[in-house]
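What follows is calculated from the coordinates using simple rules that are stated; it is not laboratory data. The model shown is predicted, which means the values in this text are computed figures rather than measured ones. Counting neighbours? That spans all protein chains shown, and the Cβs are built from the backbone with ideal geometry, glycine included.
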Amino acid sequence: MVHAVATARKGDLLGRLADLSEEAIQRLSDVPGADRALGAVNALRERTDELQRRVRGLEALEQRIAALERKVEKLSKASGTSERSTARKTTSTKSSSSSTARKKS
């Protein structure tokens, strides 16, 4: 029973709010320059919607970039290990050849 009363009050409140907003819109339409203001508000709403769509697209691109950066980091670590071992071999070969050259002299 309490729930029914609360729902009735809530419905009544929403009905009153709807009536008041309709009345306010009607009053605004009677004000000089209201058409311009209404046009500006509608344009703002459309631009906001467009901006929202673009931001959602950017979020998807950021996720893709983050995934690609992780892959590049993983691949660079894997290739970095093989380059280091090759560099060590080259360094050790150079030092042994230079020491060999000294011995021959």
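Over its Cα atoms, what ratio of radius of gyration to 2.2 N^0.38 Å does the range 21-81 give?
The reported ratio for this selection is 2.30.
Points 7 angstrom from Cα along the Cβ direction at ARG47 and ALA60: gap in nanometres?
Result: 2.5 nm between the two label points.
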